[in-house]
Amino acid sequence: MKKLSLLFVVLLLQLQFIFAQEKKSPSDDDVMKVLAIGNSFSEDALENYLHELATAAGKKIVIGNLYIGGAPLELHLNNAHNNLKAYSYRKIGEDGKKVTKDSTSLEDALADENWDYVSLQQASPLSGKLDVINESLTDLWTYVFAHVHSSTKLLYHQTWAYQQDSKHEGFKNYNNDQLTMYDSIMHVSKELEKIGDYAFIVPSGTAIQNFRTSSVGDKLTRDGYHLNLDYGRYAAALTWYGKLFNLDPRKTSYKPEKVSDLEAKIAREAAHKAIRKPYKISKIRK
């Protein structure tokens, strides 16, 4: 089995060399292109408000999300190995229009653009389980690297802990305790950062936890785990925006229509503090 695994890695590296010669470098244009291999948590964080934030800052962006609801890393790896057309591929172009293509494979989406970044994440019930994550993550990023340009960078999306009153079955993995879940996710994030395979960790989980310390309280989700459609998603998008473009999210001029001025200030501060201290909860005094 070890010989087969080694052969698989060698073949993937050879494929990477071939693809690298054919693809244009992501740096050949002035468009930020980011693809998430994810689930509903990447939908919450990237498909809403991120494009608008970039546009308001005069930045061009293309956003892709390979979506399967609740998908864990193990499922993504299986889909990769078998080249399964199992995804809903949501793509937001430079013009801000979203186009959805069903029955798409990982290989199809990776070849669709010369991506600057590809993001990986674990399904939320397992997001704080490092041993489970390690079972699939390395093989998955090896596959990704074999199908993108050599200068494409990998990201890891740090997702958020559930609301304290969440009824999600996976909350039992953390004794139905929000801070236990948050601390577990932070442990995973720190360990993955040490490896050095990722350009950066996107600290959405800490941004959401920061927001919960504000006057809004623990009301960041619509069902106990998916983000509130307005200020919850805005906080996550701000975090991605700040990390991707190295810009201060407090200084953006964009605010979603249904987000109040106070909620916007809190979201911006929560994202800013998460970027500065990605593994520590920072209190928001608003």
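The values are calculated or read from the model by the stated rules, or taken from the named source; none is laboratory data. Please read all numbers here as calculations on a predicted model, not as lab measurements. Backbone-built Cβ (ideal geometry, glycine too); neighbour counts: all protein chains shown. Accessible surface areas use protein heavy atoms only, side chains included; no ligands, DNA or RNA. Shrake-Rupley method; radii C 1.70, N 1.55, O 1.52, S 1.80 Å.
Of all residues in segment 115-132, none that is without any contact (Cβ under 8 Å) to a residue 40 or more places away in the chain and open to solvent by less than 10 Å² (accessible area, probe 1.4 Å) has its Cβ atom under 9 Å from the Cβ atom of a residue that is assigned to a helix (DSSP H, G or I) and among the hydrophobic types (A, V, I, L, M, F, W, C), 6 or more apart or on another chain.
Checking each residue in segment 149-158 for being open to solvent by 30 Å² or more (accessible area, probe 1.4 Å) and closer than 20 Å to PRO203 by Cα picks out only LYS153.
Could you please let me know if GLY64 is under 19 Å from the mean Cα position of the chain (by Cα) and in a loop (DSSP other than H, G, I, E, B)?
No, not satisfied.
Restricting segment 42-61 to residues that are open to solvent by 10 Å² or more (accessible area, probe 1.4 Å) and of a type in the set (S, T, N, Q), the residue that is nearest to the chain's Cα centre (by Cα) is ASN48.
Of the residues in segment 225-241, not one is part of a helix (DSSP H, G or I), open to solvent by 40 Å² or more (accessible area, probe 1.4 Å) and among the charged types (D, E, K, R).
Would segment 95-106 turn up any residue that is open to solvent by 70 Å² or more (accessible area, probe 1.4 Å), of a type in the set (Val, Ile, Thr) and at pLDDT 95 or above? Step through it out loud before you land on a result.
As a first pass, look at segment 95-106 and keep what is open to solvent by 70 Å² or more (accessible area, probe 1.4 Å): 95, 97-103.
This time we only want the ones that are of a type in the set (Val, Ile, Thr), so: 99-100.
Of the ones still in play, those that are also at pLDDT 95 or above are 99-100.
Within segment 95-106, one or more residues are open to solvent by 70 Å² or more (accessible area, probe 1.4 Å), of a type in the set (Val, Ile, Thr) and at pLDDT 95 or above.
Looking across segment 244-260 at every residue that is open to solvent by less than 100 Å² (accessible area, probe 1.4 Å) and not in a loop (DSSP other than H, G, I, E, B), the one that is farthest from SER119 (Cα to Cα) is identified as PRO249. The set of residues from segment 113-139 being β-branched (Val, Ile, Thr) and assigned to a strand (DSSP E or B) comprises just one member, VAL118. Restricting attention to segment 164-177, the residues that are among the basic types (Lys, Arg) and not in a helix (DSSP H, G or I) total 1.
In this structure, SER184 qualifies as of a type in the set (Ser, Thr, Tyr), under 16 Å from ALA161 (Cβ atoms), in contact with a helix residue (DSSP H, G or I) (Cβ under 9 Å, 6 or more places away or on another chain) and at pLDDT 95 or above.
Selection of segment 69-83 for residues being open to solvent by 70 Å² or more (accessible area, probe 1.4 Å) and not in a helix (DSSP H, G or I) yields ASN82, ASN83.
In the set (1) assigned to a loop (DSSP other than H, G, I, E, B); (2) more than 20 Å from LEU120 (Cβ to Cβ); (3) under 21 Å from the mean Cα position of the chain (by Cα), GLN209 fails one condition alone, (1).
Let's see how each residue does on (1) part of a strand (DSSP E or B); (2) open to solvent by 10 Å² or more (accessible area, probe 1.4 Å); (3) free of Cβ contacts under 8 Å to residues at least 12 places away in the same chain; (4) in contact with a Lys or Arg (Cβ under 8 Å, 6 or more places away or on another chain):
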position	(1), (2), (3), (4)
TRP141	no, yes, no, no
HIS147	no, yes, no, no
LEU179	no, yes, no, no
SER189	no, no, no, no
LYS194	no, yes, yes, no
ILE201	yes, yes, no, no
SER215	no, yes, no, yes
